[in-house]
């Protein structure tokens, strides 16, 4: 009886691990301009396109924080100048110039999608931000 519980417990943990490492829906859009995020709607996409075309930082912040949202990107893009660079990176990526786009994203401290970063985020290696 005890060994059956151990085997079943181990199988359950293994199954959860497989599910956790193969599920990409939540992370697929991060840094990948061909994927949409969890808050995507056609209306929101149209608003975002207009904001990017006009480079309206304040409108972007308002849209990103609507309904009480607080996405981490706002910690990285917190000025008009940084937003202009963010828009430039997006435009480059949409043109297929991913290396150039990723260089700008790296300067801004943004991830590169598909977890290609070094896993340290904003940390300096000593767990300091």
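All of the numbers you see were taken from the coordinates with simple rules; none came from a lab. Nothing here was measured: the structure is a model prediction, and the numbers come from that model. Cβ: placed from backbone, ideal geometry, glycine included. Neighbour counts: every protein chain shown.
Rank by packing, highest mean first: peptides 64-76, 46-58, 85-97, with packing defined as the count of other Cβ atoms within 10 Å averaged across residues.
Result, highest mean first: 85-97, 46-58, 64-76.
What is the distance, in nm, between label points placed 7 Å from the Cα along the Cα-to-Cβ direction at residue 108 and at residue 55?
Rounded to a tenth, the inter-label distance reads 1.3 nm.
Provide the FRET efficiency to the nearest 0.05 for the residue 88-residue 41 pair, computing r from the beta carbons and using R0 = 41 Å.
0.95
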